[in-house]
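Read the structure below first, then the notes.
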Amino acid sequence: MSNGTGDTTSRTTVALVTGANKGIGYEIAAGLGALGWSVGVGARDTARREAAVEKLRAGGAVAFGVPLDVTDDASVAAAVALVEERAGRLDVLVNNAGVTGGGQQRPTVVDLAAVRAAVEVNVIGVIRVTNAMLPLLRRSASPRIVNLSSSVGSLTRQSASGEEGVGPLSAAYAPSKSFLNAVTIQYAKELAGTGILINAGCPGFTATDLNHFRGVRTPEQGAAIAIRLATLPDGGPSGGFFEDAGVVPW
Ligand code: NAP
């Protein structure tokens, strides 16, 4: 299918990355674009979405903007229609959009709005987008879904003491990623045998807006695990939780 921008989507792998205007999501889009894929840049803010698309195209990628707020049913439905119109199917969905929820997150004084915001974007947003995109993913020969989780969502690491423990006290962000991990397992169980592989990936502590650039990894390094999970071969793992070094304990 020719769409006037040099993209031939009948032959090209088509991906959608949510929250791709900056940070790790942008670098995931750049990495998938470098593979010659056609990459949908999901982002809610028009100016920042268009700037990201322009930058990706300037780097040689085939990129297209997808207006997308993962908390909004109508926005997600419109994104499905846009991807269907452009490509007729979706091969890879990367659920990258995420928020900390902000506010006070020590459990005894946690800001309930922070808990709601984290769950709304990091969990419900992922379910909303995934279910809406599933009909397009089912048209792919090798569909993949990647959920950007965090090692702070690992119950094993949350409950470990000393150097094995991760993250600050967090009753919103960290549990939202534990919730996302559990949801990932549930999808993998239901989708077993369909060819759809769904996994959670942890990018590591990466310097982005999310942590006021305190992270120690570059966004490009943070993107690597998602790119690996997006490019899994048929028969690869599903329902797993991975970081660059290998499996993350649940
Ligand atoms: P970031 O730079 O803050 O980027 C987050 C992205 O999510 C932005 O593009 C943001 O868009 C988008 N987003 C937020 N709410 C959205 C919504 N309702 N609809 C659509 N997009 C929305 O953060 P990041 O560090 O790259 O994080 C990317 C993912 O990696 C997140 O899931 C995060 O939890 C995970 N992660 C990050 C780290 C780390 O150290 N940075 C570690 C582990 C896991 P706007 O620009 O419009 O706000």
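Contact order, relative form, for the chain: 18 percent (alpha carbon pairs under 8 Å, 6 or more residues apart, mean separation divided by residue count). Per-residue 3J(HN,Hα) values for region 147-159, derived from phi via the Karplus relation 6.51 cos²θ - 1.76 cosθ + 1.60 with θ = phi - 60°, read 9, 6, 9, 7, 5, 5, x, 6, 5, 4, 6, 4, 8 Hz in sequence order (x marks Gly and Pro). Taking every DSSP helix (H) stretch of at least 4 residues in the chain, weighting each as -39,500 (n - 2.57) and dividing the sum by the residue count yields a mean residue ellipticity at 222 nm of -12000 deg cm²/dmol.
Here the 3J(HN,Hα) profile of region 226-237, calculated from phi with Karplus coefficients 6.51, -1.76 and 1.60 at θ = phi - 60°, is 5, 5, 4, 6, 6, 10, 4, x, 3, x, x, x Hz, Gly and Pro shown as x. Probing with 1.4 Å while keeping every protein chain in the model, the per residue accessible area of the chain equals 45 Å². In the chain, the sites counted are trypsin sites (Lys or Arg not before Pro) in DSSP loop states with at most 11 other Cβ atoms within 10 Å, and the longest stretch holding none of them, exclusive of the sites, is 12-213. Surface composition of region 9-247: carbon and sulfur atoms hold 55% of the protein heavy-atom accessible area at a 1.4 Å probe. Determine the sum of side-chain charges near P143: Lys and Arg each +1, Asp and Glu each -1, restricted to other residues whose C-beta is under 12 angstrom from that of P143. Charge balance in the 12 Å sphere: +2. What you get for the chain, charging only the Cβ of Lys and Arg (+1) and of Asp and Glu (-1), is a dipole of about 120 debye around the Cα centre. Here's how it looks for V66: its modeled amide H is under 5 Å from those of V41, G42, A43, which are all 5 or more places away or on a different chain. Which residue fluctuates most in the GNM of the chain (Cα springs below 10 Å): L148, L134, L191? Its mean-square fluctuation being the largest, the pick is L191. Taking every DSSP bridge with both residues inside the chain, close to 10 percent are antiparallel. Near A52: Cβ cut-off under 13 Å, other residues only, Lys/Arg at +1 and Asp/Glu at -1. The net charge is +2.
Straight-line reach from K55: taking Cα to Cα under 24 Å and skipping same-chain neighbours fewer than 8 places apart, the lysines in range are K22. Candidate cross-link partners of K189 among the lysines, defined by an alpha-carbon separation under 23 Å and a same-chain spacing of 8 or more, comprise K177. Annotation: peptides 73-80, 168-175, ranked by per-residue average of other Cβ atoms within 10 Å with the highest first, follow the order 168-175, 73-80.
The values are calculated or read from the model by the stated rules, or taken from the named source; none is laboratory data. None of these values were measured; they are calculated from a predicted model. Cβ: placed from backbone, ideal geometry, glycine included. Neighbour counts: every protein chain shown. SASA here: full protein model, heavy atoms, side chains in, ligands and nucleic acids out. Shrake-Rupley method; radii C 1.70, N 1.55, O 1.52, S 1.80 Å.
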